[in-house]
């Protein structure tokens, strides 16, 4: 192994993470959370049609591989006349995937709020939606932080799949350098190390956030 290559390729890989992996993760997670919130509310809705649609969506997303979802959007949709560029395709696929998993997390967090909180909202004249927004969701948000943080960390690693549809993120850069230098083991281990460091930083931030939120919980 040419270990001098490790240091010379570190800059391009980190740049790939900063310009590709991290923005892709943040954009996909933010959009995915919005989708998840809508799906979770539909899932617990008394409207049977809305609930059924949410169930099917969650079932499809959780029952199919992320790689297949990514390929359907980027390679499959052009067959029906819908062509989407690599970056938007990746964001759409990752967002839909996050939405399916995070929806169940948010739904469970909402259901963990005592029923009396809903009743308290109704007693002071709130509608179901007002009670949900003003009383239930703020409490559910605290409960959902740990599992949603894990979803975010998993998404960081999942973005490496975007390299398969030609999105230039960190792993794509590693592939390009490895193909040129033929040092596949070194470059892939270097990429793995960077992913590990990013996830380690996020895990530390998650622990800190959980401790902050724990201050507001009665023991």
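The values are calculated or read from the model by the stated rules, or taken from the named source; none is laboratory data. Owing to the predicted nature of the structure, the values given are computational and were not obtained by experimental measurement. Glycine also receives a Cβ, built like all others from the backbone with ideal geometry; neighbour counts cover every protein chain displayed.
Return yes or no: is residue 44 over 17 Å from the mean Cα position of the chain (by Cα), without any contact (Cβ under 8 Å) to a residue 60 or more places away in the chain and surrounded by 13 or more Cβ atoms within 10 Å (Cβ to Cβ)? It is false that residue 44 is over 17 Å from the mean Cα position of the chain (by Cα), without any contact (Cβ under 8 Å) to a residue 60 or more places away in the chain and surrounded by 13 or more Cβ atoms within 10 Å (Cβ to Cβ).
Inclusion of residue 167 among residues that are touching a helix residue (DSSP H, G or I) at 6+ places or on another chain (Cβ under 9 Å), part of a loop (DSSP other than H, G, I, E, B) and surrounded by 21 or more Cβ atoms within 10 Å (Cβ to Cβ) is warranted. When you check residue 142 against the structure, is it surrounded by fewer than 20 Cβ atoms within 10 Å (Cβ to Cβ), within 27 Å of the chain's Cα centre (by Cα), in a helix (DSSP H, G or I) and in contact (Cβ under 8 Å) with a residue 40 or more places away in the chain, yes or no? Here the answer is yes, as residue 142 does meet what is asked. With respect to the conditions (1) closer than 27 Å to residue 196 by Cα; (2) at pLDDT below 95, residue 46 lacks only one, and its number is (1). Limited to segment 93-116, what total is found for residues that are out of contact with any helix residue (DSSP H, G or I) (no Cβ under 7 Å at 6 or more places or on another chain) and part of a helix (DSSP H, G or I)? Residues flagged as out of contact with any helix residue (DSSP H, G or I) (no Cβ under 7 Å at 6 or more places or on another chain) and part of a helix (DSSP H, G or I) within segment 93-116 amount to 4. Per the listing 136, 110, the residue uniquely buried (at least 19 other Cβ atoms within 10 Å of the Cβ) and in contact (Cβ under 8 Å) with a residue 60 or more places away in the chain is 110. Within segment 117-133, can you find the residues that are surrounded by 15 or more Cβ atoms within 10 Å (Cβ to Cβ), out of contact with any helix residue (DSSP H, G or I) (no Cβ under 6 Å at 6 or more places or on another chain) and assigned to a helix (DSSP H, G or I)? Hit for segment 117-133 is 132, nothing else.
The listed residues are 36, 90, 50, and the only one of them that is free of Cβ contacts under 8 Å to residues at least 60 places away in the same chain and part of a helix (DSSP H, G or I) turns out to be 50.
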